[in-house]
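Chemist: Got a structure here, written out as structure tokens. Questions coming.
The values are calculated or read from the model by the stated rules, or taken from the named source; none is laboratory data. On a predicted model such as this, the values are computed, not experimentally measured, just so you know. Here the Cβ positions follow ideal geometry from the backbone for every residue, glycine too, while neighbour counts run over all protein chains shown.
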Amino acid sequence: MYKVSTTEKESFRFKIFLKIIYVLIYVIIIPILIYNFTLIIKSFIFKDEIPDFLGYKNFVIISESMEPTINVDDSIFVKEVAEEDLKVNDIISYNINGETITHRIVKIQNEDGEKVYITKGDNNMAEDKWKVTYKDIEGKYIFKINGFGKFMEMLKSKVFLGILIILIILSIVYNNNLSKKKLIRKEKRLKYERK
């Protein structure tokens with residue numbers, strides 16, 4: 001009768017380990033690919049807007065103006081909200097002169113029938129000199145991931161996207177070859193057992 005050798009047991013364990021790694025890779029890589037493709041497609045369709053994913057926009061903090069609440073290299077997520085849902089103390093991300101800024105609303109004023117938001121960074125001594133209108137606002141701060149900014153910027157890179165696609169293709173080819181080898185081994189074992 002056919003006996004399983006120690007080498008085959010180790011090979012079986014290694015294959016189980018590889019399968020676990022593949023599952024983990026797919027659980028991480030596939031959502032990243034979906035995220036990237038969504039942002040890339042939206043940036044082509046809506047050229048003048050910052051692309052969102054499921055209604056959330058991501059920004060990487062590059063200044064100390066909101067410390068200690070939000071630090072440099074934190075990755076923040078904002079979501080568009082109705083104008084009436086914005087209030088004093090909310091943190092918002094907005095565009096002024098092509099630059100996206102994330103600061104806290106310290107005052108809301110009415111000028112010529114339009115709401116104007118006065119903002120200030122938590123780490124700044126003075127209020128911002130510009131007045132923000134609702135159309136300038138990208139969204140209200142929802143949550144952050146500490147120190148995750150560099151990784152989020154890397155995710156948006158087309159080079160990184162290309163590397164992920166290559167990894168998936170290599171993984172599929174490797175799995176396919178592994179399946180063929182398993183089939184050949186199984187056929188050999190069956191022939192051996194019939195003898």
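Chemist: Given the structure, is LYS182 outside the structural domain of ILE25 (by TED's automatic domain parsing) and of a type in the set (Lys, Arg)? Before you say what the answer is, go through the steps one by one.
Modeler: On the way: outside the structural domain of ILE25 (by TED's automatic domain parsing): no; of a type in the set (Lys, Arg): yes.
It is false that LYS182 is outside the structural domain of ILE25 (by TED's automatic domain parsing) and of a type in the set (Lys, Arg).
One line per residue, one yes/no per condition, for (1) loosely packed, with under 10 Cβ neighbours inside 10 Å; (2) in contact with a helix residue (DSSP H, G or I) (Cβ under 9 Å, 6 or more places away or on another chain); (3) of a type outside the set (Asp, Glu):
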residue: LYS15; (1), (2), (3): no, yes, yes
residue: PHE46; (1), (2), (3): no, no, yes
residue: ASP52; (1), (2), (3): no, yes, no
residue: GLU67; (1), (2), (3): no, no, no
residue: PHE77; (1), (2), (3): no, no, yes
residue: ASN97; (1), (2), (3): yes, no, yes
residue: ARG104; (1), (2), (3): no, no, yes
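Chemist: Restricting to the range 149-174, count the residues that are polar (S, T, N, Q) and out of contact with any Phe, Trp or Tyr (no Cβ under 7 Å at 6 or more places or on another chain). Reasoning before the result, please.
Modeler: Within the range 149-174, the subset polar (S, T, N, Q) is 157, 171.
If we keep only those that are out of contact with any Phe, Trp or Tyr (no Cβ under 7 Å at 6 or more places or on another chain) as well, we get 157.
Of the residues in that region, 1 qualify.
Chemist: Also: Give all pairs with beta carbons closer than 6 Å in which a residue from the range 131-147 that is touching a residue at least 24 places away in the same chain (Cβ under 8 Å) and surrounded by 20 or more Cβ atoms within 10 Å (Cβ to Cβ) meets a residue that is part of a loop (DSSP other than H, G, I, E, B) and of a type outside the set (Lys, Arg); count only pairs at least 6 apart in sequence or on separate chains.
Modeler: Partner pairs satisfying both residue conditions: GLY139/GLU80; LYS144/ILE70; LYS144/ASP74.
Chemist: Moving to a separate point now. Give me a count of the residues in the range 95-106 that are modelled with pLDDT of 95 or more and not β-branched (Val, Ile, Thr).
Modeler: Of the residues in the range 95-106, 2 are modelled with pLDDT of 95 or more and not β-branched (Val, Ile, Thr).
Chemist: Another one. Regarding the range 80-100, can at least one residue be identified that is in the same structural domain as SER179 (by TED's automatic domain parsing), aromatic (Phe, Trp, Tyr) and either farther than 22 Å from GLY147 by Cβ or without any contact (Cβ under 8 Å) to a residue 40 or more places away in the chain (or both)? Step through it out loud before you land on a result.
Modeler: The initial filter retains those residues of the range 80-100 that are in the same structural domain as SER179 (by TED's automatic domain parsing), namely none.
There is no residue in the range 80-100 that is in the same structural domain as SER179 (by TED's automatic domain parsing), aromatic (Phe, Trp, Tyr) and either farther than 22 Å from GLY147 by Cβ or without any contact (Cβ under 8 Å) to a residue 40 or more places away in the chain (or both).
Chemist: Would you list the strands (runs of 3 or more DSSP E) that sit entirely within the range 79-195 and hold 2 or more residues that are out of contact with any strand residue (DSSP E or B) (no Cβ under 8 Å at 6 or more places or on another chain)?
Modeler: Numbers: elements: 91-96, 99-111, 114-120, 137-145.
Ranges flagged: 99-111.
Chemist: Do the conditions hold for TYR117, that is, is it touching a residue at least 12 places away in the same chain (Cβ under 8 Å), under 17 Å from ILE62 (Cβ atoms) and either among the small types (Gly, Ala, Ser) or not assigned by TED's automatic domain parsing to the domain that holds TYR26 (or both)? Walk me through it before giving the result.
Modeler: On the way: touching a residue at least 12 places away in the same chain (Cβ under 8 Å): yes; under 17 Å from ILE62 (Cβ atoms): no; either among the small types (Gly, Ala, Ser) or not assigned by TED's automatic domain parsing to the domain that holds TYR26 (or both): yes.
For TYR117, the condition - touching a residue at least 12 places away in the same chain (Cβ under 8 Å), under 17 Å from ILE62 (Cβ atoms) and either among the small types (Gly, Ala, Ser) or not assigned by TED's automatic domain parsing to the domain that holds TYR26 (or both) - is not met.
Chemist: For residues that are part of a helix (DSSP H, G or I) and at pLDDT 80 or above, scanning just the range 35-48, find the one that is farthest from LEU167 (Cα to Cα).
Modeler: So in the range 35-48, the residues part of a helix (DSSP H, G or I) come out as 35-45.
After this cut, where a residue has to be at pLDDT 80 or above as well, the list is 38, 41-42, 44-45.
Details: THR38: 20, ILE41: 22, LYS42: 24, PHE44: 25, ILE45: 28 Å.
Out of the qualifying residues, it is ILE45.
Chemist: Taking the range 49-68 only, how many residues are within 21 Å of the chain's Cα centre (by Cα) and either among the basic types (Lys, Arg) or in a loop (DSSP other than H, G, I, E, B) (or both)?
Modeler: 10
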